[in-house]
1. If each residue of separation counts as 0.36 nm, what is the full-extension length gain between HIS83 and ASP273 once their alpha-carbon separation is subtracted?
2. Could you check the simple spin-label distance between GLU49 and SER227, using points 7 Å along Cα→Cβ, in nm with one decimal?
3. I'd like the trypsin sites (Lys or Arg not before Pro) in segment 64-115 restricted to DSSP loop residues with at most 13 other Cβ atoms within 10 Å, sorted by number.
4. To the nearest 0.05, what FRET efficiency results for GLU138 and ALA34 with a Förster distance of 25 Å applied to their C-beta separation?
5. According to a simple spin-label model (label point 7 Å from Cα along Cα-to-Cβ), what is the distance in nm between ALA109 and ALA280?
6. Say the cut-off is 22 Å between C-alpha atoms; which of LYS95/LYS159; LYS116/LYS139; LYS218/LYS285; LYS139/LYS218 go over it?
7. When the Karplus curve 6.51 cos²θ - 1.76 cosθ + 1.60 is applied with θ = phi - 60°, which whole-Hz ³J(HN,Hα) does each residue of segment 49-58 get, with x for Gly and Pro?
8. Between segment 219-267 and segment 173-188, what is the separation of their alpha carbon centroids in Å?
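All of the numbers you see were taken from the coordinates with simple rules; none came from a lab. These numbers come from a predicted model, not from an experiment. Counting neighbours? That spans all protein chains shown, and the Cβs are built from the backbone with ideal geometry, glycine included.
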Amino acid sequence: MTRREILALAAAGVARGAAPAPLIDTHIHLFEPAAFPYHPRGTYHAPPEPLVPYLAFARAAGISHSILVHPEPYQDDHRFLWHCFEHESPRGFFKGTLLLDPIDPKTPARMEELVKAHPHRIVALRIHAMNAPGEPPEKTGAIRNRDLRDPLVQQVWRKAADLDIAIQMHFLPHHAPEIAALCKAVPQVTVLLDHMGRTGMGTASDLDSVMALSKYPKVHFKYSGWSYFTNPAMPVGPVVRRAHRDFGPDRILWGGLGMNAKTHAEAERTFTDHWSFASAADREKIRGRNAARLFHFE
């Protein structure tokens, strides 16, 4: 945009009484294993990333709100998530996600119990489908890599729609057709695609499959996990431009803004590099306006 266009946009915002654009991180993990030990079936042991230093950093960085994505080391033990809600500053800073087994018949009832116990705080149930092509899904053990074609998964998606929370998919891109089938079966549920659908680990065909999910109007693309782009033939920049074209600027969210000043500065540089082609208004949407609307942040 030219300087004149930027000034005109700013003037229009003032004239409309537009609120300052929020900066919202839609994807953070916190860990305090000394006080909240990891689950015996946790899939990895993360180094500590405690609450209080993060809140101080977020305040200094001007982050308006954050989504606590409940991580695999804690499995279905959400006590640390509730602790973060209780000790946040300012009040209402956080919302969070659940991690429950999508093929457990008890999960729909547990979802309802937890969402009602923490009203207006739970935004999604996260489902991991990270098994590689040819690797069979898991039926027991750690909550991950369940068969997305299991009828119980569709029941969980329907319960999410009933509770007005999203399904947050963390998946390898070859699972996109299975996600598409669920989107078709349960079109009323909001779906969040973590880490750009891990398209940087796939092929051009995988990218097409992930982008095809854009035809479902409640599917949102999360600009996060750019470090996972390990295939040199699939760089981040073209994927970002494709997402902007296919999903549009109203269905893209930014996550992973950093947990301290150094990583935040890197995330800001990366955002500037990848989104320089987009208008200032579109960048504001991706940096926070979309998340504020979708997750009902005031």
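1. Values: separation 190, 0.36 × 190 = 68.40 nm, distance 3.62 nm.
Full extension from HIS83 to ASP273 adds 64.8 nm.
2. 0.9
3. Values: sites: ARG79, ARG91, LYS95, LYS106, ARG110; in loops: ARG91, LYS106.
Listed in order of number, the matching sites are ARG91, LYS106.
4. Working: r = 29 Å, r/R0 = 1.18.
The formula returns an efficiency of 0.25 here.
5. Going from the ALA280 label point to the ALA109 one covers 5.5 nm.
6. On the way: LYS95/LYS159 19 Å; LYS116/LYS139 28 Å; LYS218/LYS285 16 Å; LYS139/LYS218 28 Å.
Check vs 22 Å cut-off fails for LYS116/LYS139; LYS139/LYS218.
7. 9, x, 5, 4, x, 5, 4, 5, 4, 4
8. Cα centroid to Cα centroid, the span is 21 Å.
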